[in-house]
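Accompanying notes for the structure given below.
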Amino acid sequence: MPPASDTRPSLDVIGKLRVKSRSGAERDVAALVAKTGGTTVSRQRGEKITVIKAVVPNPSYGKFANGLTRIGSWQIEAGRSRLPDPVRVTVRLAE
């Protein structure tokens, strides 16, 4: 069994993205993930929030985060100080 210091939480960055239109933003986030070389892992659409989980290569994370600010108001709720490669991101989309 690996020492506790080797275990990584399942997510590296969690944030909320406030947008005018959730359905449009879902498409924009998916396109941004693909454009930065990442992969969308899952998307769960709830009544008030859509949760998108993605994996983005560390060298592209800055471009990804910057792109989110163009889609809506991006606010990181939890994050690691040193991001691994790849970075596991959860985007909580809310109108």
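The values are calculated or read from the model by the stated rules, or taken from the named source; none is laboratory data. Owing to the predicted nature of the structure, the values given are computational and were not obtained by experimental measurement. Backbone-built Cβ (ideal geometry, glycine too); neighbour counts: all protein chains shown. The area values use the complete protein model at the heavy-atom level, side chains included, leaving out ligands, DNA and RNA. Shrake-Rupley method; radii C 1.70, N 1.55, O 1.52, S 1.80 Å.
Ordered by residue, what ³J(HN,Hα) values in Hz, to whole numbers, does segment 83-90 give under the Karplus form 6.51 cos²θ - 1.76 cosθ + 1.60, where θ = phi - 60° and Gly and Pro are x?
7, x, 10, x, 9, 8, 10, 10
If amide H atoms are built 1.01 Å from N in the plane of the peptide, which residues on other chains or at least 5 residues away come under 5 Å of the amide H of VAL87?
VAL56, ASN58
Go through ASP12, ASP85 and list them by solvent-accessible area, largest first, probe radius 1.4 Å.
Details: ASP12 5, ASP85 100 Å².
The ranking, largest first, comes out as ASP85, ASP12.
On the protein heavy atoms, probe 1.4 angstrom, tell me the percent of accessible surface of the chain carried by carbon and sulfur. Walk me through the numbers before you get to the answer.
Working: 2920 of 5830 Å².
Its accessible area is 50 percent carbon and sulfur atoms.
So how tilted is helix 61-71 from the main axis of the chain? Cα-based, degrees 0 to 90, rounded to 10.
20
Could you work out the equivalent-ellipsoid semi-axes for the chain, taking the square root of 5 times each eigenvalue of the Cα gyration tensor, largest first, in whole Å?
Working: eigenvalues 109, 41, 27 Å².
Over the Cα atoms of the chain, the semi-axes work out to 23, 14, 12 Å.
Taking the Cα atoms only, what angle lies between the long axis of helix 22-35 and the longest principal axis of the chain, rounded to 10 degrees?
Orientation of helix 22-35: about 50 degrees from the principal axis.
Any idea of the accessible area per residue across the chain, 1.4 Å probe, to the nearest Å²? Walk me through the intermediate numbers first.
On the way: 5830 Å² over 95 residues.
Per residue, the chain has an accessible area of 61 Å².
Provide the percentage of antiparallel DSSP beta bridges, counting only those with both residues in the chain; round to the nearest 5.
Working: 20 of 26 bridges.
Among the beta bridges of the chain, antiparallel pairing accounts for roughly 75 percent.
Is there a quick way to get the dipole size of the chain? I mean about its Cα centre, with the Cβ of Lys and Arg at +1 and of Asp and Glu at -1; what is the value in debye to the nearest 20? Mind dumping the intermediate values first?
Values: 17 positive and 8 negative charges, 53 e Å.
Around 260 debye, computed over the chain.
Where does the chain land at 222 nm, in deg cm²/dmol rounded to the nearest 500, when only DSSP H runs of n ≥ 4 count, each adding -39500 (n - 2.57), divided by all residues? Each step should come with its number before you reach the end.
Details: 2 runs with 25 residues, N = 95.
Value at 222 nm, helices only, nearest 500: -8500 deg cm²/dmol.
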